Amino acid sequence: MAASPRLDGEKKKDEESGPPAYLCCVMLVGRFYDGLGAMNEPTRPTSTSQLFARFRRHRVHQQKLLACLVVSSAAAAATATATAVAAAVLLLYCRTVADSLAGLVSSQILLRGSTKFRRMDTQPVLAPAIDASASVMCQLLSPEGDPLGAALYLPQNVGPPQLQEIVNQLLHNEEKLPYAFYVGDEELSVQLGAYMRQKNANVEVTLRIVCQPQALFRIRPVNRCSATIAGHTEAVIAVSFSPDGKSLASGSGDTTVRFWDLSTQTPLFTCKGHKNWVLCIAWSPDGKQLVSGSKSGELILWDPKTGNQLGTPLMGHRKWITAVSWEPVHLQSPCRRFVSASKDGDARIWDVTTRKCVISLTGHTSSVTCVKWGGDGLIYTGSQDCLIKVWETSQGKLVKTLKGHGHWVNSLALSTEYVLRTGAYDHTGKTFSTAEEMKEAALARYKKMRGNAPERLVSGSDDFTMFLWEPTISKQPKARMTGHQKLVNHVYFSPDGQWLASASFDKSVKLWNGITGKFVAAFRGHVADVYQISWSADSRLLLSGSKDSTLKIWDIRTHKLKMDLPGHADEVYTVDWSPDGEKVASGGKDRVLKLWMN
């Protein structure tokens, strides 16, 4: 029988082009079965991590088989027989993929237990369940975001107590320090497994845990008014505890400064010398002097031990004093210089030994509303010209001008402010016999608190915003913080520098991350303007005083009201929490000074 012309033509074509197409299909099918052998895993995955590892392996093999399918289909297009083989290959591939996916789903159902799956178009995809035996990959970070070491696989039953041990070992701390742990801005207060289940978290994603050091001591919130002390005949405008927390001073609209005996809770000294309202007071960091500034522009130094005026008033400012700040004791001991800010647009550096203004810081075009003397020896001034200026203190030269605010700058705060204010004094109550010994202790505290990070500055403004700066690094703000609906009246860093609080005329207090500037929480409860805030020494509690005549204490961990302290008959202008954490002082329009204790 004669051969078909079509078959003869195909034979010649096959001889010219190589092996027949169906033979190529057979070869590729052989490779296909090799792939199936690689995908054949008899054991069922017992954890989510095993499940996803198998899925990745299957996906690689499926991609290889799909490539084989495409090549074989192209090669088989010449003959009907080969096309049938290609169809068989396609069917076998689809069946294999379906079996693979079915195995994955059945494994997921096994892991989930009794969880029922709904249709995919009506139910969002859920994260894989957490296997109780699986470990959690964790990366422990410093408050600045730097890794404390390599990432660790930790059991799910690890909680804050175990994390404390791990962090102290990683940092080689001789004295074990307490830490709080945060994932994002939420405190980690449960075991890792419980947290992962609560958040339905993906076990394949590394959990980034920020470790924030805590104070070695714990402050109890004040809950009662222990004394209501009359004496001032006009509003109490300023109150301030001494660096060691054992003495208290107040300034009033009656032109006097008063020192108070905290043991008997009675007036100790009444200091007269000002001609107008006393607007601001500040203790020297060594606790040996107090300076007060008045509405008439003079500055007076007082001896806290006797209540006597030290020399004559310091004159130079043409308008009232808005703020004063002392040179840190770790830079100069005993303390002999301070800086004053005034409505006249100038800031002046004074030497208490020579009793003269040694440097005049001129450059602002409007009232200087606030001033801070930083731990690096720089002075920061904020003004109603919307600018913040940075000055060096040896010759008074302008170093930088920080721009960003669209309205008056009302308040400045430094991340190191607590240790600058308290100097060498800490919670141990240690005393110092010499000025040099005090300087060394203050320097050690400052270095420990600051660490390797630069000193941070925050500014609050009438434009409803705040800026976080690192002035020694850049002129540009690190963060712009928005959220208040009215002017920001007061800003204050926590003693550990990890938190930042702001008080506003919108009746709220807001909490921010002191390192990144990220918003954390809003404290609402006051029904009028919030004038001033103050921190407990352990950074766990925040105090606020308001136009609504109340004081309120807020819990930083729970973000809730801890204590409501009514008692004043009118607006509360000023509040301060003692460095030893035992007492709170408040003053206001009702002319009385109140002491609060636990």
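The values are calculated or read from the model by the stated rules, or taken from the named source; none is laboratory data. Owing to the predicted nature of the structure, the values given are computational and were not obtained by experimental measurement. FYI the Cβ positions are ideal-geometry reconstructions off the backbone, even for glycines, and counts take in every protein chain you see.
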Select the strands (runs of 3 or more DSSP E) contained entirely in region 133-189, then report the ones holding at least 1 residues which are at negative phi and without any contact (Cβ under 8 Å) to a residue 40 or more places away in the chain. 152-154, 179-183
Flag if D564 is under 25 Å from S242 (Cβ atoms) and among the charged types (D, E, K, R): no
Restricting to region 521-543, name every residue that is at pLDDT below 95 and under 24 Å from A479 (Cβ atoms). S539, R540
Restricted to region 495-550, and to residues that are of a type in the set (F, W, Y) and in contact with a Leu (Cβ under 9 Å, 6 or more places away or on another chain), which residue is nearest to D570 (Cα to Cα)? F505
Can you tell me how many residues within region 157-187 are within 23 Å of R218 (Cα to Cα) and touching a helix residue (DSSP H, G or I) at 6+ places or on another chain (Cβ under 6 Å)? 3
Residue by residue through region 551-586, note down the ones that are in a loop (DSSP other than H, G, I, E, B), polar (S, T, N, Q) and crowded, with 22+ Cβ neighbours inside 10 Å. S578
Pick from S366, S360: which is modelled with pLDDT of 95 or more and within 24 Å of Q476 (Cβ to Cβ)? S366
Residues within region 391-413 that are hydrophobic (A, V, I, L, M, F, W, C) and under 14 Å from S325 (Cβ atoms), tallied: 3
Limited to region 176-196, what total is found for residues that are farther than 18 Å from P143 by Cβ and surrounded by 16 or more Cβ atoms within 10 Å (Cβ to Cβ)? 5
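Test G514 against the stated conditions and say whether it is on the phi > 0 side of the Ramachandran plot and small (G, A, S).
no
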Of all residues in region 544-562, which are modelled with pLDDT of 95 or more and of a type in the set (S, T, Y)? S544, S546, S549, T550
Is one or more of the residues making up region 418-440 within 22 Å of P454 (Cβ to Cβ), of a type outside the set (S, T, Y) and part of a strand (DSSP E or B)? no
